[in-house]
Amino acid sequence: MKLKSTPSDKSLIRAKSNETALSILLSFIIVLAITILSGPFAFADDSYQLGHGYNIGPFNFAGYSDIVVNIPDEGHKTVGFGDLSLFVTGHVTPIFNPFIEAELTHFDFISSERSGPDRGNGSFILERLYDDVTLTDAVTFRFGKMLAPVGEWNQIHAAPLVLAAVRPAVTDQNFSEFLTGASLLYGDPDGETPGLQLYWQPAGELFEQPSGITPDQYQQVEGLHITYPLSLRDQIGFSFQRARDIHGIDQSLFGLDFQYRVQKLTLQGEGTYADLSGHTAGLVRRTELGGYLGASYAFAEDWSVYGWHEEFAGRQIRATSRDILGGVAYRPDPAMVLKFEYLENIGGTPVNPTGLFMSWSILF
Amino acid sequence: MFQLFRTLVLLVLLLPIGVAEAGELLVIANPSVDTDLLTAKQIAAIYLLRVTLWADGTQIIPVNREAASDLRAQFTTALLDHDNAGLAAYWNEMHFQGKLPPLVQESEAAMLAFVQKVPGAIGYISAATPAVDVKVLAHVP
């Protein structure tokens, strides 16, 4: 869950575009339902597995839902969809492997604010739209709109897959989360040598995110990500991203992230440093620095406790924000999780609000 | 007598070659697959979604048994070296990144029928089940 950072001042235009977006999403769901119900087109007679989607020919239809309850100490209390995402994966030929992900985000069923810009009317977002061209077992060329490989959290940000309902600021607030352009990916088929991804976005973002969801928007992005595998799901990652935002601010970001498991204990973290130049006159800082450390411990088969601590000094933050979060998670299935957590701002300018947060998320 | 003894010895020596032993798994593939043999490492790379195409460019469709299956436990222990929960979480993450987790077939007969029918499919069955109309790519002790 990404907490809303600024109210939009274009609510009328957004309401109109959201209407269209919701119509598209509804149509998509109806087509999906009809297709699923038309059994004869199904890809043989495989059994549906929660989290694995549904196969129809060379296409797989899947998604995730994230119902969230936000009870910050100050500000609006809400219940609604953090995300309702649908994604389609196709493996048709070695050169045609399309992927599309669209989602409805910030859609409140109940809100303590009856109307106004902070009311979550929902935004329709095209998160990813790309094609993969398999060059060899190890090398893939990707073009279109994709997630930027900065840290592990950004790449697997679906609510059922991440540590906590509230996302540490450093995992999404100081870099371009998406890129529209081309990328070259290398992955060792044996999983023993480091993986590499190079990417380049020459102009603006395709289907740009609303400013209420992503305050910083980027026009030119390039970078690389290196992953050193430690085991199947454990790794150390190094990220570099150079980007220019729509205000003409140039930034060079360096990031380090890791994930490491020891029996029932999982440790993870991410740190970034960014140097800002160009049109930086209105900024509080010329450098951004932040990091979080998180852990979870499975104390029973389906239950775990988790937490993270973060320090974040963003470009518009005068006093370094310091947050601490603790929670408990119930995961009856690998694709389903209920999280109940409390976040406390323990110093500096708050980035995430102090309060109680819950989420019920399912990968389907 | 000596001739009979020599024949018996030869038979015993030949048994490991191409003959399934009790408790073994057979890794099988659709007859259209343009490969005759896979190593344990190659099978792991397929099920961990690191390799997605056969040599001729056809999509590989890995098939698993249901999570509670003893055969799946045997296959997972022998070749994938991780527990079911860890693999399930891994496949969910890979799925979100555009790679499809292995399909699931909930019986030996369904697994065999699927692999027989679907081009590019790879799966596994008990060595006690006759591997009819499929290619056997590996024996897993």
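Here, each number is a calculation from the coordinates, and none is a lab measurement. Model, not experiment: these values are computed from the prediction. Every residue, glycine among them, receives a Cβ derived from its backbone with ideal geometry; neighbour counts consider all protein chains shown.
Using the alpha-carbon positions of the range A:317-364, Rg (one decimal) and Dmax (whole number) come out as 13.9, 42 Å. Cross-link reach is defined here as a Cα-Cα straight distance under 13 Å, omitting same-chain residues fewer than 8 places apart; for A:LYS339 the aspartates and glutamates meeting it are A:ASP66, A:ASP302. Here's the list of aspartates and glutamates a cross-link from A:LYS145 could span, going by alpha-carbon distance under 18 Å and ignoring same-chain residues fewer than 8 apart: A:GLU101, A:GLU103, A:GLU127, A:ASP131, A:ASP132, A:ASP172, A:GLU177, A:GLU205, A:GLU208, A:ASP216, A:GLU222, A:ASP245.
About its Cα centre, how strong a charge dipole does the range A:308-364 have in debye, to the nearest 20, once Lys and Arg get +1 and Asp and Glu get -1 at the Cβ? Spell out each step's value before the answer.
Values: 5 positive and 6 negative charges, 30 e Å.
About 140 debye.
The modelled label-to-label distance for the pair A:GLU192/A:ILE246, using points 7 Å beyond Cα in the direction of Cβ, is 4.8 nm.
Note on chain A: dipole from Cβ charges, positive end direction compared against A:ILE100, A:GLN263, A:LEU289; the farthest Cα belongs to A:LEU289.
Counting only C-alpha contacts under 8 Å and six or more residues apart, can you give the relative contact order of chain A as a whole percent? Could the numbers behind the result be given before it?
Values: 938 pairs, mean separation 50.8, N = 364.
After rounding, I find 14 percent.
Give, as a single signed number, the net charge of other residues whose beta carbon lies under 13 Å from the beta carbon of A:LEU230, with Lys and Arg counted +1 and Asp and Glu -1. Here the charged neighbours net out to -2. Within the listed set A:THR105, A:THR272, A:THR287, the Gaussian network model of chain A (springs between alpha-carbon atoms below 10 Å) gives the highest mean-square fluctuation for A:THR287. Along the range A:51-66 the Karplus relation, 6.51 cos²θ - 1.76 cosθ + 1.60 evaluated at θ = phi - 60°, assigns HN-Hα couplings of x, 9, x, 10, 9, 10, x, x, 10, 10, 9, 8, x, 8, 10, 9 Hz to successive residues, with x for each Gly and Pro.
Under the Kirkwood approximation applied to all pairs of distinct alpha-carbon atoms, what is the hydrodynamic radius of chain A in Å? For chain A, the Kirkwood estimate is 21.4 Å.
Counting Lys and Arg as +1 and Asp and Glu as -1, what is the net charge of the other residues whose Cβ lies under 10 Å from the Cβ of A:TYR306?
Details: positive: A:LYS339; negative: A:GLU341.
My count for the surroundings of A:TYR306 gives 0.
Multiplying the residue separation of A:GLU113 and A:TYR342 by 0.36 nm and removing their Cα-Cα distance gives an extension gain of 80.3 nm. Put the Cα centre of the range A:63-80 next to the Cα centre of the range A:338-362 and the gap is 10 Å. Treating r as the C-beta distance of B:ASP81 and B:VAL136 and R0 as 22 Å, the FRET efficiency rounds to 0.45. Separation between the A:THR93 and A:PHE207 pseudo-spin-labels, each 7 Å from Cα along Cα→Cβ, expressed in nm? Taking the simple label geometry, A:THR93 and A:PHE207 are separated by 2.5 nm.
Between B:VAL104 and A:SER47, B:ASN64, the built amide H atoms are under 5 Å apart, and every one of these is 5 or more places off in sequence or on another chain. The label-point distance for A:ARG318 and A:LEU293, in a model that sets each label 7 Å from Cα toward Cβ, rounds to 3.0 nm. Each residue in A:LYS339, A:LYS77, A:LYS264, B:LYS135 was given a count of other beta-carbon atoms within 10 angstrom of its own, and listing them fewest first yields A:LYS264, A:LYS77, B:LYS135, A:LYS339.
With R₀ set to 22 Å, the beta-carbon distance separating A:VAL139 from B:GLN97 gives a calculated FRET efficiency near 0.85.
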